[in-house]
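The values are calculated or read from the model by the stated rules, or taken from the named source; none is laboratory data. Just so we're clear, the structure is a prediction, and the values are computed from it rather than from any experiment. Note that each Cβ is placed from the backbone with ideal geometry, even for glycine, and that neighbours are counted across all protein chains shown.
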Amino acid sequence: MHGLPFTAPALLAPMEGVTEACFRDLVLDRNPPDALGGAFTEFARVSQQPLPERVLVRHLGPRRHAAPVGLQIMGASAEAVAATARRAELAGAPLVDLNFGCPAKGALRGCAGSALLDDPPKVEALVRACVDAVERVPVTAKIRAGGDDDTRLEEIASAVEAGGARLLTVHCRTRREAYRDTADWERLRRAVRTVSIPVCGNGGVEAHADLAALRAETGCALVMVGRAAMADPWIFSGRVVERAEAARFLSEYAAALRADGATPHKQAGRLKQLIRVWRAGGLVEDEREELLRERDDRRLLDWVEREANASQLGPHAATR
Ligand SMILES: Cc1cc2nc3c(=O)[nH]c(=O)nc-3n(C[C@H](O)[C@H](O)[C@H](O)COP(=O)(O)O)c2cc1C
């Protein structure tokens with residue numbers, strides 16, 4: 001697909017603290033490769049030294065899928081990021097993605113992530129350093145529409161292309177807009193008009209129908225989904241699941257976290273992260289607030305288990 005290893009034009013966004021292997025694998029298992037074309041690790045943060053290979057191996061996780069999982073790197077030192085990109089390739093990453101969008105204070109302090117949106121020549125240099133460092137895998141880049149405003153969008157997009165990236169993902173919000181509700185798809189049209197490499201549009205996809213709508217309305221070749229995939233992991237295939245199947249996702253997620261060494265407290269925290277936005281199967285509609293208030297980790301985990309096992313007993317058999 002466009003000379004890239006993706007198996008379909010819809011991708012799961014990189015999300016720190018969410019798209020670790022435990023969550024990613026479940027989403028990739030539930031959406032066939034002709035519906036979900038690829039995913040990304042959460043960002044791997046590089047400071048002055050390249051990351052050791054074992055860290056990259058951990059980001060990539062133990063499993064491989066038909067759809068590729070790109071390793072995302074964030075950093076400001078072109079040398080260290082490029083050396084990390086090469087190590088990522090050697091660790092088995094099918095592609096390397098560079099983060100120019102993170103608005104977190106830590107990233108800005110290190111002049112990385114979205115801080116680089118104010119310095120397009122630096123973006124170009126970083127992309128080029130990585131392109132030169134890897135031998136085979138494509139280098140891609142993910143930007144926001146700008147820093148304080150979107151006036152430099154074309155300049156930033158052109159810098160990514162000039163550096164040799166094979167795909168430009170545009171999160172259509174600016175750094176200042178952070179994660180606000182509105183997403184301006186006109187900015188995606190502008191990016192598409194600016195570069196000749198494929199553009200992946202991101203921001204504001206809420207439902208399965210939006211996957212096609214975004215591409216049709218903007219001319220983007222690909223589309224990336226973040227938070228809506230936390231609310232409904234089946235969004236890529238468009239399958240509507242029953243309550244018990246939705247609960248089984250959460251219970252398998254807890255089990256995967258447990259197998260990965262997470263404490264019950266961490267498991268419950270990660271479950272709440274999904275429950276806060278969850279829509280699939282009508283599972284938490286009535287009890288969302290109550291579940292989020294639950295302080296007893298065990299009780300939350302037990303509720304998920306009961307719901308997941310309730311399929312033989314009828315749709316609403318499990319009660320707290
Ligand atoms: C919890 C969270 C963590 C994120 N972490 C990353 C990250 O590691 N790398 C990145 O490029 N973007 C990250 N993002 C941004 C998403 O990839 C995406 O661009 C953004 O959520 C907009 O897409 P959406 O409207 O579909 O959610 C994160 C977003 C969220 C909500």
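What are the pairs, 6+ residues apart or on separate chains, where a residue within region 51-74 that is over 17 Å from Ala39 (Cβ atoms) has its Cβ under 6 Å from a residue that is in a helix (DSSP H, G or I) and more than 13 Å from the ligand (Cβ to nearest atom)?
Short answer, once both residue conditions are applied: Leu51/Thr84; Glu53/Arg87.
For every residue, the table says whether it meets (1) touching a Lys or Arg at 6+ places or on another chain (Cβ under 6 Å); (2) surrounded by fewer than 22 Cβ atoms within 10 Å (Cβ to Cβ).
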| position | (1), (2) |
| --- | --- |
| Ala76 | no, yes |
| Leu116 | yes, no |
| Asp119 | no, yes |
| Val123 | no, no |
| Arg136 | no, yes |
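Can you pull out the residues in region 182-203 that are at pLDDT below 95 and not hydrophobic (A, V, I, L, M, F, W, C)?
Here is the first cut: in region 182-203, the ones at pLDDT below 95 are 182-183.
Thr182, the sole residue that qualifies.
For region 22-52, name all the residues that are buried (at least 20 other Cβ atoms within 10 Å of the Cβ), part of a helix (DSSP H, G or I) and not charged (D, E, K, R).
Cys22, Phe23, Val27, Leu28
Every residue, every condition in (1) under 30 Å from Arg298 (Cα atoms); (2) among the hydrophobic types (A, V, I, L, M, F, W, C); (3) within 11 Å of the ligand (Cβ to nearest atom), yes or no:
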position	(1), (2), (3)
Asp181	no, no, yes
Asp184	no, no, no
Arg193	no, no, no
Ile197	no, yes, no
Gly203	no, no, yes
Ala244	yes, yes, no
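Working only within region 86-106, note down all residues that are within 17 Å of the chain's Cα centre (by Cα) and part of a helix (DSSP H, G or I). Let's see the steps before the verdict.
First pass over region 86-106, keeping only residues within 17 Å of the chain's Cα centre (by Cα): 93-104.
Those that are within 17 Å of the chain's Cα centre (by Cα) and part of a helix (DSSP H, G or I): none in region 86-106.
For region 248-255, indicate whether the set of residues that are outside the structural domain of Thr182 (by TED's automatic domain parsing), over 23 Å from Ala35 (Cα atoms) and within 16 Å of the ligand (Cβ to nearest atom) is non-empty.
no
Could you look through region 5-21, keep only residues that are within 19 Å of Ile73 (Cα to Cα) and of a type outside the set (A, V, I, L, M, F, W, C), and pick out the one that is surrounded by the fewest Cβ atoms within 10 Å (Cβ to Cβ)?
That would be Gly17.
Which condition number in (1) out of contact with any Pro (no Cβ under 6 Å at 6 or more places or on another chain); (2) within 20 Å of Met1 (Cβ to Cβ) is the one that Leu108 fails?
Tallying (1) out of contact with any Pro (no Cβ under 6 Å at 6 or more places or on another chain); (2) within 20 Å of Met1 (Cβ to Cβ), Leu108 fails exactly one: (2).
Considering only residues that are in a helix (DSSP H, G or I), surrounded by fewer than 22 Cβ atoms within 10 Å (Cβ to Cβ) and in contact with a helix residue (DSSP H, G or I) (Cβ under 7 Å, 6 or more places away or on another chain), which ones fall in region 188-217? Let's see the steps before the verdict.
Of the residues in region 188-217, the ones in a helix (DSSP H, G or I) are 188-194, 208-217.
Still in the list and also surrounded by fewer than 22 Cβ atoms within 10 Å (Cβ to Cβ): 189-190, 192-194, 208-210, 212-213, 215-217.
Scanning region 188-217 gives Arg189, Arg190, Val192, Thr194.
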